[in-house]
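Okay, so here's the structure we're looking at.
The values are calculated or read from the model by the stated rules, or taken from the named source; none is laboratory data. Note that the structure is a prediction, hence the values are computed from the model and not measured. As a convention, Cβ positions derive from the backbone with ideal geometry for all residues, glycine included, and neighbour counts pool all protein chains shown. Surface accessibility is based on the protein's heavy atoms, side chains included, excluding ligands, DNA and RNA. Shrake-Rupley method; radii C 1.70, N 1.55, O 1.52, S 1.80 Å.
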Amino acid sequence: MDAMLLLSKTFRASWSIGLATALLAAVPSGHIATAENMVGGTSPAHSLDAAASEGAFRHLRALQDIASVSGGNRAAGTPGYDRSAEYVADRLKEAGYLVHFEEFEFPFFEERVPPVLLVSFPDGRQEPTPADAFRTLTNSGSSNVTARLRAVNLGLAEGPPLASASSCKTTDFDEFERGFVALIRRGTCTFKTKVDNAWAAGAAAVVIMNEGTDGRTDAFSGQLRDLAPIPVVGVSYELGRSLDIAARGGATVRLDVNAVTGKRLTRNVLADTAFNSDSSLIIVGAHLDSVPEGPGINDNGSGSAAVLEAALRLAQGPTEARGGVRFAFWGAEERGLIGSRHHLGSLPEEARRHIALYINLDMVGSPNFARFVQGSTANGDGLAAVVRREFLAEFREHNLSVEERAEGRFGSDVASFSQKGIPTMGLYTGAGRPKSEIQASLFGGSAGRPYDPCYHRACDTIENINRDVLEQNTRALVRALNAAAIAARAPSTPSQKAVDLPEPNL
């Protein structure tokens, strides 16, 4: 088995408890970045005292230190993720939950060395591309290619860029010469469709320039659903325009991606309340893994910390609010929602029908935040309506602005549940897109700047967290869970059997 595989399928609890204790003591309290000193915005209107905001934030200290001693990240299939899973499991077991590890395989991709993109011109000039100007897409092929560059239906014109369908049709490659490197543009269809069409046309490699539309200008990372047979990288919109000019001038590019691929094991952490009733099942989840580029303290240590802290607080609450709740910490979300999809796929159809609601927290401590309440079911009398009402009431009672979104964040685990017809609700504070002027007037912070300037970057550390908004979301989740758990046990709720998981494998 790969040496970088899970450190062990069953880590020793004594090791992880000792590690957690050491980690919690390692970082001094109070060393926090806020929206004001990260992005030049205003402080939130509501400020929490240090004791209140200590709750979820203490888990982020542990996750940060886990990343620091684990190669700088907590990506699925790495020691950093396994240690994160052990930390979460230990805290839940201490609180009295029935904790299970749910193992599964996922396609693993890891670059051995940084990629190389070198442009050579007919006059002999060579221009190496700076490392921060392009990124390898996950599941890119691994090889060293030198070939002529050819643009494919980029659709570039004067004026603001429009949405792009570059490479979405096989006919886009009618005049493409086999063995060339394809320069295509992001947009409209999936990366997989674009790369599959390029490969079928004989492309030796693919360079995908960003679309150039709002929020899609910088160098970007992405994921191909399946392993590609050729190298694939993403570049900024401006670099793409420069490469287009170079291609028309007969430029050659060298593209070198050196990566290891294969299958690895990882696991979800699942914790059930000790119940034996006819109540509906509510699942509350957050993905625990980071991207390989950094520790992922906002994405999604923040969501995991809020869900964990909510579970601990719920365990201390009234007995009637404890039944019918499962807390889930998903693995390999950053690899394509694999952990949550595996969980739902492994449940019998009857068991899935017992899931009355899924609540998702992904990125709930963004430094240039907005407060988003989002869900696929905003109306009606079901549990989703109960949770929505309590979320909004919690924020409004503390004079905190909030914005509702009718649909969930498609890139997060909420999609796994909504695709199965399960009602969803969620909390979210924004990722890499820029904050609007209206949102800046509502929430403070800086318009035109990303909600999270460190999204999917190495700087997504504990310095990247707004501690107040993290606690606000945690408190809203606790309130909503208490209300929903009690509502699920009400006599008016249709009779349903509790769903059992397999025996623990801790």
Query - Environment charge of G296, counting only residues whose C-beta is closer than 9 Å and scoring Lys/Arg +1, Asp/Glu -1 - result: -4
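Remind me, relative contact order of segment 78-162 in percent, using alpha carbon pairs under 8 angstrom and six or more residues apart? Numbers along the way, then the final one.
Values: 27 pairs, mean separation 13.7, N = 85.
This gives 16 percent for segment 78-162.
Count the net charge of all other residues whose Cβ sits under 11 Å from the Cβ of G202, scoring Lys and Arg as +1 and Asp and Glu as -1. Please report the intermediate quantities before stating the final value.
On the way: positive: R150, R178; negative: E177.
Charge balance in the 11 Å sphere: +1.
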Requested in this report: For segment 51-95, compute Rh as the Kirkwood radius over C-alpha pairs and then the Stokes-Einstein diffusion coefficient at 37 °C and 0.692 mPa s; write the answer in µm²/s, rounded to an integer.
Outcome: 300 µm²/s
Report summary line: Label model pair D214, D381: point-to-point distance (7 angstrom along the Cα→beta-carbon line) in nm is 3.9 nm
Query - Inter-centroid distance (Cα atoms) of segment 129-207 relative to segment 53-82, Å - result: 36 Å
**Report entry** Karplus-derived HN-Hα couplings along segment 416-433 (A = 6.51, B = -1.76, C = 1.60, θ = phi - 60°), whole Hz, x at Gly and Pro
**Finding:** 4, 7, 5, 5, 9, x, 8, x, 9, 9, x, 10, 7, 10, x, 10, x, 6
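Taking the Cβ-Cβ separation of D132 and E397 as r and a Förster radius of 51 Å, what is the calculated FRET efficiency to the nearest 0.05? Could you put the intermediate results ahead of the total?
Values: r = 44 Å, r/R0 = 0.86.
It comes out at approximately 0.70.
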Query raised in the report: Considering only DSSP states other than H, G, I, E and B, which chymotrypsin sites (Phe, Trp or Tyr not before Pro) in segment 357-449 qualify as loop sites with at most 13 other Cβ atoms within 10 Å?
Result: F410
Query raised in the report: Rounded to the nearest 0.05, what FRET efficiency do R178 and A95 have when you use their Cβ-Cβ distance and R0 = 56 Å?
Result: 0.40
Query raised in the report: Round to a whole number: what % of the accessible area of segment 170-222 belongs to carbon and sulfur, probe 1.4 Å?
Result: 44 percent
**Report entry** Residue-span extension gain [R405 to T170] - 0.36 nm each, minus C-alpha spacing
**Finding:** 81.0 nm
Query raised in the report: ³J(HN,Hα) across segment 138-147 via Karplus (A = 6.51, B = -1.76, C = 1.60, θ = phi - 60°), whole Hz, x for Gly/Pro?
Result: 4, 6, 4, x, 10, 5, 10, 10, 10, 6
Query - Ratio Rg/Rh, restricted to segment 65-117 and using Cα atoms, in which Rh is the Kirkwood radius - result: 1.12
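In cubic angstrom, how much convex hull volume per residue do the alpha carbon atoms of segment 117-214 span?
Numbers: hull volume 12.8 nm³, N = 98.
Given the Cα convex hull of segment 117-214, per-residue volume reads 130 Å³.
At a Förster distance of 41 Å, what's the computed FRET efficiency of D226 paired with R389, Cβ-Cβ distance as r, to 0.05? Intermediate values should be presented prior to the final figure.
Details: r = 42 Å, r/R0 = 1.02.
Rounded to the nearest 0.05, the efficiency is 0.45.
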Query raised in the report: How much accessible surface does E211 have with a 1.4 Å probe, in Å² rounded to 10?
Result: 10 Å²
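If you take every residue apart from D381 with its C-beta less than 12 Å away from the C-beta of D381, what net charge results, scoring Lys and Arg +1 and Asp and Glu -1? Before the final figure, lay out each step's value.
Values: positive: R388, R389; negative: none.
For residues surrounding D381, the net value is +2.
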Requested in this report: May I ask you to evaluate 6.51 cos²θ - 1.76 cosθ + 1.60, the Karplus curve with θ = phi - 60°, for each residue of segment 129-137 and list the ³J(HN,Hα) values in order in whole Hz, giving x for glycine and proline?
Outcome: 8, x, 4, 7, 9, 8, 9, 7, 6
Query raised in the report: At what distance in nm do the modelled label points of S68 and K192 sit from each other, each positioned 7 Å from its Cα along Cα→Cβ?
Result: 3.9 nm
Query raised in the report: Any idea what Rg and Dmax come out to for segment 153-193 if you just take the C-alpha atoms, in Å?
Result: 11.0, 33
Query raised in the report: So what is the relative contact order of segment 172-273, in percent, for Cα pairs below 8 Å that sit 6 or more residues apart?
Result: 24 percent
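I'd like the trypsin sites (Lys or Arg not before Pro) in segment 104-208 restricted to DSSP loop residues with at most 10 other Cβ atoms within 10 Å, sorted by number.
Details: sites: R112, R125, R135, R148, R150, K169, R178, R185, R186, K192, K194; in loops: R112, R125, K169, R178, R186.
Sparse-neighbourhood loop trypsin sites (Lys or Arg not before Pro): R112, R125, R178.
Calculate, for segment 146-207, the solvent-accessible area per residue in square angstrom, rolling a 1.4 angstrom probe over the heavy atoms of the protein chains.
Working: 3030 Å² over 62 residues.
Each residue of segment 146-207 exposes 49 Å² on average to a 1.4 Å probe.
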Query - segment 172-316: Cα Rg divided by the 2.2 N^0.38 Å rule of thumb - result: 1.49
